[in-house]
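These notes concern the structure reproduced below.
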Amino acid sequence: MFTVFVVEDDPTMKEIIVETLKKWHFNGTDVSDFDHIVQAFIECKPHLVLLDINLPAYDGYYWCQKLREISKVPIIFISSRDTRMDKIMAMNMGGDDFIQKPIDMDILMAKINALLRRTYSYPDHQPRVVEYKGVILNLKDDRLIYNDRQIELTKNEFRILYMLMKQAGEVISRDKIMRALWEDESFVDDNTLTVNVVRLRKKLAAIGLAALIKTKKGQGYLLQ
């Protein structure tokens with residue numbers, strides 16, 4: 001079943017869209033916290049996004065740009081705005097289509113079905129990210145995103161943090177981390193691992209995440 005992520009501020013319109021999606025046997029998931037749309041998107045793992053332009057705090061253009069940093073999932077803008085510039089902006093920000101309010105639900109569903117058919121004849125449109133307490137690790141380009149700030153990680157730094165995020169809350173031994181790095185044909189000895197962790201911590205501290213990685217003496221590392 002396809003999942004459609006609905007980002008719409010009008011409660012009545014949102015309810016109508018979600019109910020229509022259900023009638024067409026789609027899983028319609030909406031968002032209520034408009035300050036954390038990216039996190040909700042990651043948790044939802046949708047196949048398509050319906051995104052209104054007029055939203056609280058930041059508009060749909062802003063959120064489209066943020067979603068495009070981590071995903072190629074198709075995005076349809078829905079809006080009462082009808083100027084030529086609005087439509088151009090929607091496409092330039094990464095939108096795939098635009099439908100004007102008041103919405104004809106038959107037309108909306110036709111657009112959704114057409115876009116899903118076109119998109120999912122190609123692989124790899126799911127978001128490739130790992131998230132932990134607002135920290136987003138982009139698996140496509142080894143970038144970490146936190147509170148709209150980004151840092152580039154080396155391959156070893158990325159692999160270390162990826163292991164810790166995949167098993168967040170669990171202690172990962174130094175031996176296990178070194179074995180994982182060796183299996184990826186990037187062998188490091190014990191001292192090199194320490195250097196990589198120190199460098200990673202410095203990068204995290206620069207964006208306000210100094211306490212993210214905790215050392216368990218004699219055991220290894222974990223995220224807290």
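Here, each number is a calculation from the coordinates, and none is a lab measurement. This one's a predicted model, so the numbers in the text were calculated from it and none came from an experiment. Note: ideal-geometry Cβ built from the backbone for every residue, glycine included; neighbour counts use all protein chains shown.
Beyond 27 Å in Cα-Cα separation lie the following of the pairs K23/K133; K22/K133; K23/K140; K140/K176: K23/K133; K22/K133; K23/K140.
Our helix-only sum for the chain, with -39,500 (n - 2.57) per DSSP H run of n ≥ 4 divided by its residues, gives a mean residue ellipticity at 222 nm of -13000 deg cm²/dmol. DSSP assigns beta bridges within the chain; of those with both partners inside it, close to 50 percent run antiparallel. Provide the FRET efficiency to the nearest 0.05 for the R118-D33 pair, computing r from the beta carbons and using R0 = 35 Å. Calculated transfer efficiency: 0.70.
First check a/c for region 129-223, with a ≥ b ≥ c the square roots of the eigenvalues of its C-alpha gyration tensor; if it is under 1.5, answer rounded, and if not, answer prolate when a/b is larger than b/c or oblate otherwise. Taking the square roots of the gyration eigenvalues as a ≥ b ≥ c, region 129-223 is prolate. By the gyration tensor of its Cα atoms, with a ≥ b ≥ c the square roots of the eigenvalues, what is the shape of region 3-119: rounded for a/c under 1.5, prolate for a/b over b/c, or oblate? Rounded, since a/c falls under 1.5.
Using C-alpha pairs below 8 Å separated by at least 6 residues, the relative contact order for the chain is 13 percent.
Since only V6, S80, G208 are under comparison, the one whose Cα sits farthest along the positive direction of the charge dipole of the chain, derived from C-beta charges on Lys, Arg, Asp and Glu, is G208.
Using a Förster distance of 22 Å, how high is the FRET efficiency between D59 and M1, based on the Cβ-Cβ distance and rounded to 0.05?
On the way: r = 30 Å, r/R0 = 1.36.
Here the calculated transfer efficiency is 0.15.
The alpha carbon centroids of region 75-112 and region 9-44 are separated by 16 Å. A straight Cα-to-Cα reach below 17 Å connects K216 with the aspartates and glutamates E170, D175, D190, residues fewer than 8 places away in its own chain not being considered. Exposed loop sites are taken as trypsin sites (Lys or Arg not before Pro) in a DSSP loop (any state but H, G, I, E or B) with at most 15 other beta carbon atoms within 10 Å; the longest stretch of the chain without one runs 1-127. Legend: calculated FRET efficiency, R84 to K203, from the Cβ-Cβ distance at R0 = 41 Å, rounded to 0.05, equals 0.40.
Gain on full extension, evaluated as 0.36 nm per residue between M109 and E43 minus their Cα-Cα distance, stands at 21.4 nm.
The mean sequence separation of alpha-carbon pairs under 8 Å and at least six residues apart, normalised by the residue count of region 3-119, gives a relative contact order of 23 percent.
Here the label points at K216 and D148, each 7 Å from Cα along the C-beta direction, are separated by 3.7 nm in the simple model. Extension gain for M91 to R68 (0.36 nm times residue separation, less C-alpha to C-alpha distance): 7.1 nm. Report the normalised scattering of the chain as log10 I(q)/I(0) at q = 0.13, 0.17 Å⁻¹, calculated by the Debye formula with identical scatterers on the alpha carbons. The computed values of log10 I(q)/I(0) come out as -0.80, -1.11. Spin-label pair K140-D10: with each label point 7 Å from Cα along the Cα-Cβ axis, the two points sit 3.1 nm from one another.
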